[in-house]
Every structure is written in structure tokens, then in C-alpha cells.
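The values are calculated or read from the model by the stated rules, or taken from the named source; none is laboratory data. This structure is a prediction, so every number in the text was calculated from the model and none was measured. Backbone-built Cβ (ideal geometry, glycine too); neighbour counts: all protein chains shown.
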Amino acid sequence: MRRYEARALGRGSGSPGRASWLRLALLGAIAIGLALAACQHQPSAAPGGLYAPCDVDSQLPLRGYEVVATLPHDPAAYTQGLLLHEGVLYESTGLYGRSSLRRLERASGRELARVELPARLFGEGLALVQDRLYQLSWREGEVRFYSLEDLRLLTTLRIAGEGWGLEYDGHSLIQTDGSAELIFRHPDDLAELRRLPVRANGQPVAGLNELELVDGWLLANVYPTDCVAVIDPGSGLVAAWLDLHPLAAALRRRAPGAEVSNGIAYDAASGHLLVTGKRWPQIYEIRLSGWPPAAPDRP
Ligand SMILES: [Ca+2]
């Protein structure tokens with residue numbers, strides 16, 4: 001069993017001049033990384049992923065976590081969306097010609113059902129709305145609705161812009177498009193209701209990707225890092241970070257084809273999270289410590 005402790009990152013260690021220089025260097029590295037990501041776009045993330053510290057310029061806490069189980073995952077699955085419903089996993093995978101919607105046995109990873117997407121579609125975020133699964137596509141603007149029972153395609157609707165992550169809060173769909181905004185949509189017709197900027201310590205958090213609501217907090221993979229932002233969905237403020245880099249780095253040493261972490265599913269029964277990544281051969285079941293976070297103060 002591995003435990004990853006929460007670390008308090010803050011100002012005050014080392015001389016102020018050196019600390020400032022380090023922060024500038026880290027911010028520069030992140031800026032370069034995001035610029036590279038913008039050039040490369042989502043399907044061509046650098047194998048091995050880019051490591052950026054999750055919180056370089058604030059005192060937001062990092063949540064600790066403990067790996068309680070390691071589950072098999074198809075190493076060919078380019079995971080873009082993951083959710084758990086009644087003990088069964090549902091996954092959306094990306095890449096043109098390889099995209100799919102899958103129903104998976106949690107413990108074994110065994111595939112119970114699969115829908116292949118047309119080659120023109122790049123699968124993205126996945127959400128459950130009552131008895132329907134909604135699957136985004138990346139740049140194609142198509143949102144596919146499936147029957148939960150048999151994964152039958154019911155209809156498709158269109159949205160403008162890119163589709164990245166998707167979640168449902170019981171009232172609205174919450175969508176990401178790789179920017180630093182959450183887009184709220186009506187679940188029936190996908191009409192845009194409002195947008196909410198996401199900020200950490202006053203700065204926008206770009207690259208918001210796969211989503212998962214956990215006890216009222218919205219967790220978001222932040223592309224192209226192994227960081228998960230813990231967002232207050234009421235204010236858009238980041239309250240804490242979950243740094244999956246230690247897990248991801250160890251996994252990528254064994255599986256060089258694995259890319260960044262992406263895919264979070266919440267098991268409300270155990271309180272555990274299931275986290276994976278693009279082409280990861282495993283899903284990790286983790287238990288958070290120091291949960292829930294304190295509500296963030298407005299800067
Ligand atoms: Ca999810």
C-alpha cells in the first residue's frame with residue numbers, strides 16, 4: 001500500500017529572492033508547457049506527460065491519498081471520460097478511428113459492452129443523466145445520447161466549440177472545453193446557461209478536462225499535467241489540489257506509452273476515487289485524506 005502525503009506548499013522557505021526566482025522559473029515552465037500543449041492539441045500529448053507542480057504560487061493545500069487497490073485497465077484505452085454507476089464502470093475513449101463508449105466490470109476491467117464511434121469522431125467527456133449517457137466529441141460538435149440499459153444510440157445534438165470533460169450535477173450539465181471556464185448547459189437541449197471562470201489564487205486554471213463531482217466538489221483533471229483541481233462549483237475557486245504525478249510517474253516508467261492522467265470516477269459507497277489516464281494499464285482506487293477541503297477564500 002502506498003501513501004502520498006499532503007504537502008503544504010507555501011512562501012517562507014529559503015530567501016525571498018530565491019523563492020521568487022523559483023516561482024518565476026516554474027511559472028515559465030508551465031507557460032512553455034501550456035504553449036506546447038496548445039500547439040500539439042489534445043490527441044498528441046507528449047508521451048510521458050508534462051510535469052508541472054500543481055500549486056506553485058499559493059498556499060492552497062495538496063490533498064494526500066492512499067492507494068487501496070490497483071485494477072486492470074486496457075492500455076489501448078485513450079481515456080477521456082470515466083464514471084461509476086451501480087458498481088459498473090463506463091468509459092469514453094478518444095482518438096480518431098479508435099474512439100468508443102465502454103461498459104466495464106470494475107474489479108477485472110473486463111469489457112461488458114462497447115460502442116465504436118464513427119472514425120470522424122474523437123470521443124471525449126462522459127456523463128450520466130438519469131437513464132441516458134451523454135458523450136462529447138472533441139472538435140466535431142456532436143454530443144451522443146445513449147440508453148444506459150443497452151448503450152443504444154438514441155440521438156445526437158450539436159454544440160459549438162470543443163468538447164473535453166462532462167459531468168451532471170442533478171440540474172445542469174457541466175462541460176469543459178480546455179479553457180479555464182466551466183460551461184453549464186441544460187440537460188435536455190444542451191443550451192448554454194452560463195459560464196464560470198475557474199481560478200486558483202486569482203489566476204485562471206486553463207486546460208480543464210475530465211470532471212467528477214465528489215461530495216459537492218468538482219474535481220477536474222488539468223491537461224496536460226497530472227494535477228487534479230478541487231473546485232468549488234459555486235464560485236469557481238480552487239480549494240485544493242490532488243497531485244497524481246507520483247502515481248503517474250511510477251506507472252509511466254513501467255508503461256512508456258502511458259500519457260497524462262485523465263479519468264476520475266467517484267464511488268460514493270466507499271468514498272474512494274478511481275483514477276486512471278490515457279493508455280494507462282491500470283486504474284488506481286485511492287482514498288483521500290484531509291477531505292473535504294475548506295471552502296476557499298475569495299482573493
Ligand atoms: Ca468522471
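Points worth noting:
- Odd one out for L273 among (1) free of Cβ contacts under 8 Å to residues at least 60 places away in the same chain; (2) within 14 Å of the ligand (Cβ to nearest atom): (1)
Yes/no matrix, rows are residues, columns are (1) in contact with an Asp or Glu (Cβ under 6 Å, 6 or more places away or on another chain); (2) away from the ligand (no atom under 16 Å from the Cβ); (3) under 23 Å from G87 (Cα atoms); (4) basic (K, R):
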site	(1), (2), (3), (4)
G202	no, yes, no, no
V205	no, yes, no, no
L219	yes, no, yes, no
D232	no, yes, no, no
A239	yes, yes, no, no
D267	no, no, yes, no
K278	yes, no, yes, yes
I283	no, no, yes, no
G290	no, yes, no, no
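- Test: D131 is over 21 Å from the mean Cα position of the chain (by Cα) and closer than 23 Å to V214 by Cα: yes
- Residue check for G263: within 30 Å of T156 (Cα to Cα), within 11 Å of the chain's Cα centre (by Cα), within 13 Å of the ligand (Cβ to nearest atom) and of a type outside the set (A, V, I, L, M): yes
- Test: residue in region 147-161 that is at pLDDT 95 or above, within 16 Å of the ligand (Cβ to nearest atom) and not aliphatic (A, V, I, L, M): no
- Cβ-Cβ under 6 Å pairs, at least 6 apart or on other chains, region 70-92 side under 11 Å from L104 (Cβ atoms), far side among the acidic types (D, E): L82/E91; L84/D267
- Residue list for region 181-232, restricted to those being in a loop (DSSP other than H, G, I, E, B) and either crowded, with 21+ Cβ neighbours inside 10 Å or among the charged types (D, E, K, R) (or both): D188, D189, V198, V205, G207, D215, Y223, P224, T225, D226, D232
Residues checked against (1) modelled with pLDDT under 95; (2) of a type in the set (A, V, I, L, M):
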{"site": "G216", "(1), (2)": "no, no"}
{"site": "T225", "(1), (2)": "yes, no"}
{"site": "S235", "(1), (2)": "no, no"}
{"site": "H245", "(1), (2)": "yes, no"}
{"site": "E259", "(1), (2)": "no, no"}
{"site": "N262", "(1), (2)": "no, no"}
{"site": "A269", "(1), (2)": "no, yes"}
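- A search for C-beta distances below 9 Å between a residue of region 183-199 that is farther than 20 Å from A229 by Cα and touching a residue at least 40 places away in the same chain (Cβ under 8 Å) and any residue that is among the β-branched types (V, I, T) and assigned to a strand (DSSP E or B), counting only pairs 6+ apart in sequence or on different chains, returns P187/V129; L190/V143.
- In summary, strands (runs of 3 or more DSSP E) completely within region 102-141 and bearing 3 or more residues that are more than 14 Å from the ligand (Cβ to nearest atom) occur at 111-116.
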